[in-house]
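Right, one structure below, let's go through it.
The values are calculated or read from the model by the stated rules, or taken from the named source; none is laboratory data. Just so it is clear, the structure is predicted and the values come from calculations on it, not from any experiment. With ideal geometry, Cβ positions are generated from the backbone for all residues, glycine too; neighbour counts draw on all protein chains shown. Heads up: the accessible areas ignore ligands, DNA and RNA and are worked out on the full protein's heavy atoms, side chains in. Shrake-Rupley method; radii C 1.70, N 1.55, O 1.52, S 1.80 Å.
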Amino acid sequence: MKEQIKKIAVLFGGCSPEYGVSLQSAAAVISCMDRKKYEPVPIGITHTGDWFYYTGDVEKIRDDSWCADGNCVPVTISLDRSDHSLLLLRGTGTERIGIDAAFPVLHGKNGEDGTVQGMFELAGIPVAGCGVLSSALCMDKDRAHRLAKEAGVRVPVSYVHGKDTDTGIVFRQAEQIGYPLFVKPVKAGSSYGITKVVNKEKLLAAMELAFAYDEKIVIEECISGFEVGCAVLGTEKLTIGEVDEIELSEGFFDFTEKYTLKTSAIHVPARISKETAEKVKRTAKIIYKALDCRNFARVDMFLSEEGEIVFNEVNTIPGFTAHSRFPNMMKAAGISFERIISIILEETL
């Protein structure tokens, strides 16, 4: 009996500063989906939050002209748990498209933070990636660090502040941490709003930038050494990709460096001993499980000059372009991009 092709809603865009990155990731996912098993149903979300069923060329997702070529129909999700469908809102009436699962390829707020995951769970539709709880936890740098610390993993010294915090307190805490330090929004991705602060004169401007992205910010210890990452697939049985290493010539791995590698380089596998790589992988598993991750995620850590592993963050929907860290770590472990997508969807379904 011929296997039925499953319809997968692939979400891209979104109300997030990472809209553009999402377009590139989603186009790659759609292009690499096994058409013998899966039919992608592209759902584009504009900057302003309008949802559309998109039937045009994948290349127009890449160049962000997808919403201008007439191949878009307003769409929403049926919240009837027995329905498992999208509702196309045509001028002549409503049309249903049944879907078997959803694959949000949305980075940052309103996509990676549990909001979209919750909507699909309410609708009874299987959703690829981490669930509501782990998505929300991993987006919250403070709470993610607290749980990782409870699991026995070293985390940077940090303090969380709201907009009404006395700046005198912040300055005193910064002195306790020591410069340089980082100022970050508590909830943001792709290094938006993050500043490496080298002295107290730069602290207030860094705080103002971070507050532009979130109502809470964190001032955090700068770990000497370099960043390493682990791509993780699975829920009960975990597959770990080769550890990667970020080599910086200056500054930190900000948005520009992440997507252009202008002055930095990524080494896969990392230039570390086999024993250290295994220790990094074991630590990634501990963090992944402590934060209730499932299906896939990328765990980022620091390897200090003293050889200590320090938790940084978990990306529950990491970049999925052919040049992104997650697929490249898996490729180094012998798993192709196409196979990654199939493994994710097989477990989701």
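The criterion of at least 3 residues that are at pLDDT 95 or above, touching a strand residue (DSSP E or B) at 6+ places or on another chain (Cβ under 9 Å) and farther than 14 Å from Glu245 by Cα is met, among helices (runs of 4 or more DSSP H) falling completely within the stretch 266-349, by 274-290, 337-348. Going through (1) among the acidic types (Asp, Glu); (2) in contact (Cβ under 8 Å) with a residue 60 or more places away in the chain; (3) open to solvent by 40 Å² or more (accessible area, probe 1.4 Å) one by one, Asp113 falls short only on (3).
Per the listing Gly225, Gly189, Gly229, the residue uniquely touching a helix residue (DSSP H, G or I) at 6+ places or on another chain (Cβ under 9 Å) and at pLDDT below 95 is Gly189. Evaluate the following for Ala174: is it farther than 21 Å from His107 by Cβ, out of contact with any Lys or Arg (no Cβ under 8 Å at 6 or more places or on another chain) and either in contact (Cβ under 8 Å) with a residue 60 or more places away in the chain or not polar (S, T, N, Q) (or both)? So Ala174 fails the test.
Within the stretch 319-349, the set of residues being touching a residue at least 60 places away in the same chain (Cβ under 8 Å), under 16 Å from the mean Cα position of the chain (by Cα) and open to solvent by 30 Å² or more (accessible area, probe 1.4 Å) comprises Thr321, Ala322, Asn328. Return the only residue of Asp164, Asp244, Asp214 being in contact with a Gly (Cβ under 9 Å, 6 or more places away or on another chain) and either loosely packed, with under 15 Cβ neighbours inside 10 Å or in contact (Cβ under 8 Å) with a residue 40 or more places away in the chain (or both). Only one candidate qualifies: Asp244.
Scanning the stretch 33-90 for residues being polar (S, T, N, Q), within 16 Å of Val127 (Cα to Cα) and modelled with pLDDT of 95 or more gives a total of 3.
Note on the stretch 181-206: residues that are farther than 12 Å from Phe171 by Cα, of a type outside the set (S, T, N, Q) and open to solvent by 10 Å² or more (accessible area, probe 1.4 Å) total 10.
Residues that are free of Cβ contacts under 8 Å to residues at least 60 places away in the same chain and more than 21 Å from Glu221 (Cβ to Cβ) within the stretch 126-161 comprise Val132, Ala136, listed in sequence order. Screening the stretch 76-93 for residues that are part of a loop (DSSP other than H, G, I, E, B) and out of contact with any helix residue (DSSP H, G or I) (no Cβ under 7 Å at 6 or more places or on another chain) and picking the one that is least open to solvent (accessible area, probe 1.4 Å) gives Ser78.
Of all residue pairs spaced 6 or more apart or on separate chains, those with beta-carbon atoms under 8 Å, a first member in the stretch 56-80 that is within 17 Å of Ala102 (Cα to Cα) and a second member that is of a type in the set (Val, Ile, Thr) are Val75/Ile43; Ile77/Ile125.
Please work out if Arg96 is under 21 Å from Lys6 (Cβ atoms), open to solvent by 40 Å² or more (accessible area, probe 1.4 Å), of a type outside the set (Gly, Ala, Ser) and assigned to a loop (DSSP other than H, G, I, E, B). Taking the combined requirement at face value, the residue does not satisfy it. Of the residues Lys141, Lys149, Lys109, only one is within 23 Å of the chain's Cα centre (by Cα) and more than 30 Å from Gly20 (Cβ to Cβ); which? Result of the check over Lys141, Lys149, Lys109: Lys149.
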